[in-house]
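In what follows, a single structure is set out as structure tokens and then discussed.
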Protein chains: 2
Amino acid sequence: MTDDPLKRRVTSFDVARLAGVSRSAVSRAFSKDAVISDATRQKVLEAASSLGYRVNFMARSLQTRHSNLVGIVASALDSPFRSRQVKIAAREFLQRGFRPILMTAETEDEVEKLSEILFNYNVAGILITSATPPSTIIAECSRLSIPIVLVNRGLEMDDVDTIQIDIEQSGRLAFEMLTSSGARRLAALQPIAPSYSVTGRAKYFIQTCEQENIPVQQFFTDGQDFAAGRRAAHTIAESVLAGDAGLDGLFCATDTLAFGVLDTLRHDYGIAVPGQLQIVGFDDVEQASWGSYQLSTIRQDAEKQSVAAVEMMLNRIKNPNLKARNIIHSVTPVYRKTTRTSHGV
Amino acid sequence: MTDDPLKRRVTSFDVARLAGVSRSAVSRAFSKDAVISDATRQKVLEAASSLGYRVNFMARSLQTRHSNLVGIVASALDSPFRSRQVKIAAREFLQRGFRPILMTAETEDEVEKLSEILFNYNVAGILITSATPPSTIIAECSRLSIPIVLVNRGLEMDDVDTIQIDIEQSGRLAFEMLTSSGARRLAALQPIAPSYSVTGRAKYFIQTCEQENIPVQQFFTDGQDFAAGRRAAHTIAESVLAGDAGLDGLFCATDTLAFGVLDTLRHDYGIAVPGQLQIVGFDDVEQASWGSYQLSTIRQDAEKQSVAAVEMMLNRIKNPNLKARNIIHSVTPVYRKTTRTSHGV
DNA sequence: ATGAAAGCGCTAACAA
DNA sequence: TTGTTAGCGCTTTCAT
């Protein structure tokens, strides 16, 4: 090995020369379905590996006019649900020959900026599971024929592929889980910042309460993680302890929110769950099944969701002028120990 | 907007024509420090935005011979510690103008295969926080002058940049946290699959016990998550309940392992923690501070670690013939409620 | 400060 | 089946 710090990367030209063939032959040897004899392919492959040659994907993409890069735009990657979602999506992309560029974006501005950057890379598609991207981005994607799929974001726009959970069913289910075991004075806890899926499930919960003439309060907090749950818990505790008319059933729009509330209520206020207050969460993250929480919750299947999202994108890559679809997955109740009934559905 | 499905992507040529300048001028307008008059740059930028032009990074990379892509190779992205680590690393890369390709790899084979792929993209560097890559990969990186940094992997190899925690200090600290509050019959729980950092901290814990003449057992389990902790808990419970000579102090090599053990011991065996058994975990993931666990643990700072890793890589990108460095971060004890003392250090 | 021309490493017509 | 040739869209000397 030479010590030359300026050593040129080895190119198909070098391989061609060593193997005694043309550069096209080299190219063919590295293309899945290309017409080439086994003999020359073998020769090329040997020459290549002896030189440490690898195809330059930048050059290939330039020529073929498409990369096998895709973008994943995600927020709150360190939350349990999101990290699973992204892990699975990344795994699926990788398995199918695509390479995900990971863009972590917490705000809508960031989503916009980072999506723009993805355009520079000629990505084959963009998967978004953070804030809804501005419509300018969506328009641009369609102009550039870049598939985009939104996970749990904005059904408002029906000209873009989406994967969602059934928010109406979700809200109703939360209502049923709570009332079927006797809760009669309900409340919902949700982040102030609106988000299609999270806000939606709370909205339909409240709507169901109203339809059924069950009194319902709303609590808001700044975020959807554990700490936000803790912060909200104090007001909730007051409501629980408010005499005969105290709150007895709470729907938290995410599990992590529920954990924060649960902890604070139990340890700081000595409130019994489910004795005094029943709680239902949402997501069914791993921690919900941990022994100390045993949170009753509503499960959305991250695996199924991410797999479907990737599939949807690949479908559209193959067939660009498909009509936009909105896939809706249903959710399932999980009865554990923060509600009083433990029989199902 | 035309309906032409075959519409060509707009190139610098189109912009040049509209702006009435040369393609070089367009190129200059989009390069940070290029000699160009404000007037023409302005003209170009306007023409560009009116056409929806964006620089093709594939072509640019081909010409400049470097992309601003980097690789992140990570395992177990859905575990709390790893997802934080990756989130921060991605954020840092993004902020500094690099785009991370996310490779999720659970096995050493996968790490090898996926790193190989990264070579195809001419990545500016590779960050690895999964299994240690085979030495062939490391050699290849050095041959291709691709910076690589390992996080919490293999100090064995001193010809590659690494960020690690002080495993010796970690082991000793675990010992001190347990014994300073009276534990005298200790044990360590760790995954069977060896891993530099995880196995290392257990190793030094045991070594310290032996030096101090404190009896110590070893428990092994298959994995380092909650479920693996639960599985291991039964044997541990027996040991705790073994009369006068029962186990009274346990070091779990990861927090998630500790949660599994803790839950099972408390809820299935009615064992009091820290009454009958004191437990110390490792990582200080968010859940360790949750009210129902309040796990005493040893904190490794994910933020500091990831930031340092990114910085280290960028440093080496700037100065490729830097000598390899091994940065070691120290860890800090966090006393909560699974040990009996709550004062520190 | 600007433009002309060459070429980064590859693939894809087309010919042979 | 193979080689020749012409770009893909950009940056970068080198003149001007």
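Bear in mind that the values in this text are calculations on the coordinates, not laboratory data. All of these numbers come straight from a predicted model, not from anything done at the bench. For neighbour counting, all protein chains shown are included, and Cβ atoms are generated from backbone atoms with ideal geometry for every residue, glycine included.
Roughly speaking, what is the centre-to-centre gap between the stretch B:228-307 and the stretch B:109-162 when only Cα atoms are used, to the nearest Å?
Each part's Cα centre sits 33 Å from the other's.
Once the piece of chain linking residue B:158 and residue B:120 is laid out straight, how much longer is it, given 0.36 nm per residue of separation minus the C-alpha distance between them?
11.1 nm
Amide H neighbours of residue B:278 under 5 Å, counting only residues 5+ apart in sequence or on other chains, H built in-plane at 1.01 Å?
Long-range HN contacts for residue B:278: B:249, B:250.
What are the nm distances, shortest first, from residue B:215 to its equivalents in the other copies, labels at 7 Å along Cα→Cβ?
Spacings between copies for this position, smallest first, are 6.2 nm.
I need the inter-copy label distances for residue A:184: point set 7 Å along Cα to C-beta, values in nm with one decimal, smallest first.
Once sorted, the set of distances for residue A:184 reads 5.8 nm.
Mind checking which of B:319, B:27, B:227 is farthest towards the positive end of chain B's charge dipole, using Cβ charges of +1 (Lys, Arg) and -1 (Asp, Glu) about the Cα centre?
Result: B:27.
Taking other Cβ within 10 Å of each residue's Cβ, how do B:316, A:201, B:65, A:54 sort, fewest first?
By the 10 Å Cβ count, ascending: B:65, A:54, B:316, A:201.
So for chain B, taking the charge dipole from beta-carbon charges (+1 Lys/Arg, -1 Asp/Glu), which of B:146, B:76, B:188 sits furthest toward the positive end?
B:146
Could you give the size of the charge dipole of the protein assembly as shown about its Cα centre, using +1 on the Cβ of each K and R and -1 on the Cβ of each D and E, expressed in debye and rounded to the nearest 20?
Roughly 2420 debye, rounded to the nearest 20.
For the protein assembly as shown, what does the alpha-carbon gyration tensor say about shape, rounded, prolate or oblate, given a ≥ b ≥ c as the root eigenvalues, a/c under 1.5 as rounded, and a/b over b/c as prolate? Kindly include the intermediate steps, with their values, before the conclusion.
Working: a/c = 2.28, a/b = 1.32, b/c = 1.72.
Since a/c reaches 1.5 but b/c is at least a/b, the shape of the protein assembly as shown is classed as oblate.
Taking the Cα centre of the stretch A:50-161 as origin, work out the dipole magnitude from +1 charges on Lys and Arg Cβ and -1 charges on Asp and Glu Cβ, in debye rounded to 20.
Dipole about the Cα centre, nearest 20: 840 debye.
Need the full-extension length gain, residue B:135 to residue B:32, defined as separation in residues times 0.36 nm minus the C-alpha distance. One decimal, nm.
33.3 nm
Shortest first and in nm with one decimal, please list how far the residue A:168 label point sits from its counterparts in the other copies (point 7 Å along Cα→Cβ).
In nanometres, ordered from closest: 6.6.
Identify the trypsin sites (Lys or Arg not before Pro) of the stretch A:148-195 meeting these criteria: DSSP loop state and at most 14 other C-beta atoms within 10 Å of the C-beta.
Loop-located and lightly packed - A:184.
Could you put B:244, A:166, A:158 in order, starting from the residue whose Cβ has the fewest other Cβ atoms within 10 Å? Intermediate results must be reported in sequence, preceding the final value.
Values: B:244 5, A:166 17, A:158 12.
Ascending Cβ contact count within 10 Å gives the list B:244, A:158, A:166.
Could you give each residue of the stretch B:322-330 its phi-based ³J(HN,Hα) in whole Hz, using Karplus coefficients 6.51, -1.76, 1.60 with θ = phi - 60°, and x for Gly or Pro?
5, 6, 4, 10, 10, 8, 10, 9, 8
Nearest 10 degrees is fine. How inclined is helix A:255-269 to the longest principal axis of chain A, computing both from alpha carbons?
Result, in degrees: 40.
Would you tell me the mean number of C-beta atoms belonging to other protein chains that fall within 10 Å of each C-beta in A:54-67, as a whole number?
That works out to 6 on average.
Using a ≥ b ≥ c from the Cα gyration tensor of chain B (square roots of the eigenvalues), is it rounded, prolate or oblate, where a/c under 1.5 gives rounded and otherwise the larger of a/b and b/c decides, a/b for prolate?
Prolate shape, in that a/c is at least 1.5 and a/b is the bigger ratio.
Go ahead and run the numbers for FRET between residue B:180 and residue B:222, Cβ-Cβ distance against an R0 of 45 Å, rounding to 0.05.
Numbers: r = 31 Å, r/R0 = 0.70.
Given R0 = 45 Å and the Cβ-Cβ separation, E is 0.90.
Name the residue from B:160, A:309, B:11 whose Cα lies farthest towards the positive end of the charge dipole of the protein assembly as shown, charges +1 on Cβ of Lys and Arg and -1 on Cβ of Asp and Glu.
So the residue we want is B:11.
Given Cβ point charges of +1 (Lys, Arg) and -1 (Asp, Glu) and nothing else, what value in debye, to the nearest 20, does the dipole of the stretch A:167-300 about its Cα centre take?
About 100 debye.
For the pair residue A:96/residue B:109, report the inter-label distance in nm, with labels modelled 7 Å from Cα in the Cβ direction.
2.3
Which order do A:337, A:203 fall in if you start with the one that has the fewest other Cβ atoms within 10 Å?
A:337, A:203
If you fit an axis through the alpha-carbon atoms of helix B:302-318 and take the longest principal axis of the Cα set of chain B, what angle between them do you get, 0 to 90°, nearest 10?
The helix B:302-318 is inclined about 40 degrees to chain B.
Kindly provide the helix-only [θ] at 222 nm of chain A, computed as the sum of -39,500 (n - 2.57) over DSSP H runs of four or more divided by all residues, to the nearest 500 deg cm²/dmol?
Details: 12 runs with 151 residues, N = 345.
Calculated mean residue ellipticity at 222 nm is -14000 deg cm²/dmol.
How many nm is it between the label spots at residue B:272 and residue B:63, if each spot is 7 Å from the Cα in line with the beta carbon?
7.5
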